[in-house]
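The structure appears right after this line, and notes come after that.
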Amino acid sequence: MEGEGAAVWQGAVLGGILFWIVSASYLDVTRKLRSFFQPWVSHHVETQTSVVLKIQSGHGKLARQMTLLMAFCDYLGNCIKDVVSAPRPASPPVKRVTATKDEEENALEYGLPSSHTLNTVCLSGYLLHYVLTHTQIQGAYITYLGISLAFMLVLLIGLGRIYLGMHSVVDVLAGLLVGLVILAFWLTVHEHIDSFVISGQNVTSFWAVLSFLLLFAYPTPELPTPSFEFHTAFNGVALGIVAGVQQTYHQFHHGDVPRLFSSELSVPVFAGRMLVGIPTILTVKFCSKALAKWTIPMVANTLGIPIKSTSYIPTLNGSAAVKKTDKLKQGYLQKLLSRYKAFDVDTGIRFLQYAGLAWSVVDLVPSLFSYMSL
């Protein structure tokens, strides 16, 4: 009986395809479908040329805002993680899937809130807001479609984190709630932030001091986790972006920058930029790290501040380096910081490394392109 049933459905499938081939050929179905759909599609292709040009024109503001929003989300989300210090689902009995080294590091963080859920809410929500307010893609159905897609993305990310054993339901719900609060706040202030970054006064000095203070404002977790390291990297990136854009906005980041693959920015020029830009960025990252590894311990020792290094400087691993004579001559700064046993210089090294990397992306590399006529 099973053999006969298989023969029936297989015959039906093949017979149906054969019938379609014969009938489509006899009735000229392809030409009729083309005559029906082609005019409608062609009309929309022509009328939406301006939308394509708008997308191709580059969106420096979107890139800036998404980067700063990501840094803001990472800082607040990780602060909440380390204040609450709530565990992830116990493994075992839960099977935790960590296929990459990054996932293994993420699993060392505390659980609530889910950073993936929080970041997805904020970034997809801001992207949708930007598309609806800065492009010609308008209409109620576009809004409903965008909200539906963002909702599905957040839902799938949240379910995925639970399935992987990385989070419990309460972690995901907390990420959703915190993300919505952060997104609402950001949509209120983002125009003011962007205006300040591109045309404000004392932008770089203010942001440098702000970044420095945020490192010390970060809460101490119940047990050490990588959350602070992740925040430090994003904090450095934000400073590098702000410092670079503030200096070179009118040269490289205004609304009339050359469009990708246009006559102003052809494929060969784009390839040249890639060949020059990527090695330059990697070189700056390496040099920034090396310079920070040399200068930060020297400055700390000069000021009599005890230091240690978790990984970057093996000679300082697990030790607090400060001279005995310096302890006898403590000044106001040392006394102010005396409640800390020792400062981990890895924090400053990581911060300066990523600040230099981000600065090179928005300032140094575009300047090289301009100098080389790329």
- Listed residues ILE307, ILE157 arranged by accessible area, highest first, probe 1.4 Å: ILE157, ILE307
- Task: Note down the relative contact order for the chain as a percent, whole number, built from C-alpha pairs under 8 angstrom at least six residues apart.
- Result: 19 percent
- Item | Members of LYS285/LYS308; LYS61/LYS101; LYS95/LYS289; LYS81/LYS101; LYS95/LYS308 lying beyond 27 Å, as alpha-carbon distances in this model show | LYS61/LYS101; LYS95/LYS289; LYS95/LYS308
- Task: Give the shape of the stretch 153-233 as rounded, prolate or oblate, defined through the alpha-carbon gyration tensor: a ≥ b ≥ c are the square roots of its eigenvalues, a/c under 1.5 means rounded, and otherwise the shape is prolate if a/b is larger than b/c and oblate if not.
- Result: oblate
- Query: With the chain treated as a Gaussian network of Cα nodes joined by springs under 10 Å, which of SER124, SER311, SER211 yields the largest mean-square fluctuation?
  - Reply: SER311
- Query: With labels modelled as points extended 7 Å from the Cα through the Cβ direction, what inter-label distance (nm, one decimal) is found for MET372 paired with ALA63?
  - Reply: 1.6 nm
- Note on the structure: Ranking ALA71, TYR144, LEU183 by how far each Cα lies towards the positive end of the charge dipole of the stretch 54-199 (+1 on Lys and Arg Cβ, -1 on Asp and Glu Cβ), the top one is TYR144
- Roughly to the nearest percent, how much of the accessible area of the chain is carbon and sulfur, given a 1.4 Å probe? 69 percent
- Mind pulling the angle between the C-alpha long axis of helix 227-252 and the longest principal axis of the chain? Nearest 10 degrees, somewhere in 0 to 90. 80 degrees
- Task: Would you kindly state how much longer the chain becomes between LYS285 and ALA99 on full extension, computed as 0.36 nm times their sequence separation minus their alpha carbon distance, in nm to one decimal?
- Result: 64.3 nm
- Message: How large is the Kirkwood hydrodynamic radius of the chain, counting all unique pairs of alpha carbons, in Å?
- Response: 25.1 Å
- Where only C-alpha atoms are counted, convex hull volume of the stretch 54-199 per residue in Å³: 130 Å³
- So for R0 = 45 Å, FRET eff. of SER311-LEU145 from the Cβ-Cβ r, to 0.05, ends up at 0.45
- Task: Quote the charge dipole size of the chain about the Cα centre in Debye, to the nearest 20; the model charges only the Cβ of Lys and Arg (+1) and of Asp and Glu (-1).
- Result: 1080 debye
- Item | Nearest 10 degrees, 0 to 90: helix 140-163 Cα axis against the chain principal axis | 60 degrees
- Item | Euclidean distance of C-alpha centroids, the stretch 263-308 and the stretch 182-247, integer Å | 19 Å
- Per residue, how much accessible area does the stretch 54-199 show when a 1.4 Å probe rolls over the protein heavy atoms, in square angstrom? 51 Å²
- Message: Cut-off 10 angstrom, C-alpha nodes, Gaussian network model of the chain. Which of MET166, MET274, MET66 fluctuates the most?
- Response: MET274
- Computed on alpha carbon atoms, what radius of gyration and Dmax characterise the stretch 9-103, expressed in Å? 27.8, 72
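The values are calculated or read from the model by the stated rules, or taken from the named source; none is laboratory data. Note that the coordinates shown come from a computational prediction; the quantities given were computed from them, not determined experimentally. Heads up, the Cβs are rebuilt from the backbone with ideal geometry, glycines too, and the neighbour counts pull from every protein chain shown. In case anyone asks, the SASA skips ligands and DNA or RNA and just uses the protein heavy atoms, side chains included. Shrake-Rupley method; radii C 1.70, N 1.55, O 1.52, S 1.80 Å.
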